[in-house]
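All remarks here apply to the structure that follows.
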Amino acid sequence: MTVHPVVVQRAVADAHRREWATVLAATVRVAGDLDLAEECVQDAYVSALNAWTSGGIPANPGAWLVTTARHNALDALRRAQVFRTKMPLLAEDDVDEVSFTGGSVVRDDTLRLVFMCCHPALSTDARIALTLRLVCGVATPDIARAFLVPEATMAARITRAKKKIVAASISFRVPEANELPDRLDAVLTVIHLLFTTGHTAPSGDTLTRGDLAERAVDLGRMLHGLMPGEREVRGLLALLLLNHARRATRTDGEGRLLLLEDQDRSKWDRAAIAEGHRLVVAALRGGSPGRFSLQAAIAAVHATAPSYDGTDWTEILVLYDELLNVWPSPVVALNRTVAVAMVHGPGAALREVEKLERDKMLTGYRYTAAIKADFLRRLGRLDEAAAAYRHAMELADNEAERAFLAMRIKESAAG
């Protein structure tokens, strides 16, 4: 049975998007070494191009890739004659007994890999970057954009983190209960950044990457199952569910970006919104809420509002003020200006943005220019708005966003 190479290439690309994390996690269990596991997984994907062309695409591509990558790892360890020295790092005594069925074993492996990458021996930025790269398969340039740093800086950071894992003999396992708090914030941040990368892809032809967003929600549910009593875990899962509930309405039938004010709220996932709202209420009980719970509360106000104009923008502004106290991030301050514009007008919001432009962290951040352009447009300063939209377009790599900005430039030029 021969399959056309183009069909196989698409199947391999789809398997890379959907299965990378689970295949790598299962391979790390055997290899006990991140670099070796990555190499073996990459070789498995290359092998799939030939094997699937001649023998057909398997019914379960993930199972095929796990089996091939694990065999690659075992062969490499035997060739290097270090199999016995690596065995203590394995999570199972007999790796051949670990099956890939899409069930609990694979899900647990993925969460183990997240916790391994988020070890406190690594810096916070290194933990997050490494997990996004290895567990989530996010490309290094996209991670660099998320951190607002050059690609070379991020590549070096990821390399150093891998070396640190080897030097510190960090094991592939879910930590004991007393170890979890030291890693929790980094794990929460990783899952949130993964969702953000899927919710609005930093680059590519489409606005979203549904596979990454779904993976983040799945990880959030796993973490909530592991730590159901943690308020910030509830907050994170609520945040993901409330935002993901809008996924069907964020673009039109031709893939064009739709702003929140233009989305059809009747098509939002009401079950996800209800679940997210229950989690928000639970997360806000008993003490001062954390940054994920507050972001979830903001998302809940949006999700439960009858319309864009009917949104309680004053409440959202209060929540943003509290979020800034808990998490003084310039990106949060920038997002807050949208609420400022709705409560106090675009002029007041524009003054806030102009102050934030001085922050080095926002230099090169495409949304700074885009938000400024919107306020200028609403103030009738169309020439300045067009210039700001052009600057935002220069910084954007996502084609759906670029198309939206191009439309705004045309509208501003037309007056």
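Quick note: the coordinates plus some simple rules give every number you see, no bench work behind them. Being a predicted model, the structure only gives us computed values, none of them experimental. All Cβ positions, even for glycine, are placed from backbone atoms using ideal geometry, and neighbour counts span all protein chains on display.
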Check your understanding: Which net charge results when you count Lys and Arg as +1 and Asp and Glu as -1 among the other residues whose beta-carbon is under 11 Å from that of residue 395?
Key -> +1
Check your understanding: Under a 5 Å amide H to amide H cut-off, with H placed in plane at 1.01 Å, what residues pair with residue 204 once short-range neighbours are removed?
Key -> 399
Study note, to complete from the structure: Residues whose built amide H sits under 5 Å from the amide H of residue 251, excluding neighbours closer than 5 in sequence, are 258
Practice item. Could you work out the relative contact order of the chain, using alpha carbon pairs under 8 angstrom and six or more residues apart, expressed as a whole percent? Key: 11 percent
Point to revise | Estimated vicinal HN-Hα couplings, Hz - segment 363-378 in sequence order (Karplus 6.51, -1.76, 1.60; Gly, Pro = x) | key: 5, x, 8, 5, 6, 4, 5, 5, 5, 4, 4, 5, 5, 4, 4, 5
Review point. In terms of the Cα gyration tensor, with a ≥ b ≥ c the square roots of its eigenvalues, is segment 119-236 rounded because a/c is under 1.5, prolate because a/b exceeds b/c, or oblate?
Key: oblate
Study note, to complete from the structure: At 25 °C in a medium of viscosity 0.890 mPa s, the chain has a Stokes-Einstein diffusion coefficient, with Rh taken as the Kirkwood radius over alpha carbon pairs, in µm² per second, of 107 µm²/s
Check your understanding: Could you work out the helix-only [θ] at 222 nm for the chain, with each DSSP H run of four or more residues adding -39,500 (n - 2.57) and the total divided by the number of residues, to the nearest 500 deg cm²/dmol?
Key -> -22500 deg cm²/dmol
Review point. In debye, nearest 20: dipole of the chain around its Cα centre with unit charges on the Cβ of K, R (+) and D, E (-)?
Key: 420 debye
Revision key, fill the gap. Expressed in µm² per second, the diffusion coefficient of segment 203-277 from the Stokes-Einstein equation, with Rh the Kirkwood radius over alpha carbon pairs, at 25 °C and 0.890 mPa s, is 183 µm²/s
Review point. About its Cα centre, what dipole magnitude does segment 166-246 give when the only charges are +1 on Lys and Arg Cβ and -1 on Asp and Glu Cβ, stated in debye to the nearest 20?
Key: 180 debye
Revision key, fill the gap. Of 335, 398, 178, the most mobile residue in a GNM of the chain (C-alpha springs, cutoff 10 Å) is 178
Practice item. Would you mind counting up the charge near residue 296? Only other residues with Cβ under 12 Å from its Cβ, with Lys and Arg at +1 and Asp and Glu at -1. Key: +2
Check your understanding: Under unit Cβ charges (Lys, Arg +1; Asp, Glu -1), what dipole magnitude, rounded to 20 debye, does segment 257-333 have relative to its Cα centre?
Key -> 360 debye
Exercise for review: Kindly identify segment 223-353 as rounded, prolate or oblate by the Cα gyration tensor criterion: order the square roots of the eigenvalues as a ≥ b ≥ c, call it rounded if a/c is under 1.5, otherwise compare a/b with b/c, prolate if a/b is larger, else oblate.
Suggested key: oblate
Check your understanding: Whole-Hz Karplus ³J(HN,Hα) for segment 187-204, in order, using 6.51 cos²θ - 1.76 cosθ + 1.60 and θ = phi - 60°, x for Gly and Pro?
Key -> 5, 4, 5, 4, 5, 5, 5, 4, 4, 4, 5, x, 5, 9, 5, x, 8, x
Review point. According to the square roots a ≥ b ≥ c of the eigenvalues of the Cα gyration tensor, what is the shape class of segment 3-50, taking rounded for a/c under 1.5, prolate for a/b larger than b/c otherwise, and oblate for the remainder?
Key: prolate
Point to revise | Rg/Rg_globular for segment 314-415, with Rg_globular taken as 2.2 N^0.38 Å and Rg from C-alpha atoms | key: 1.07
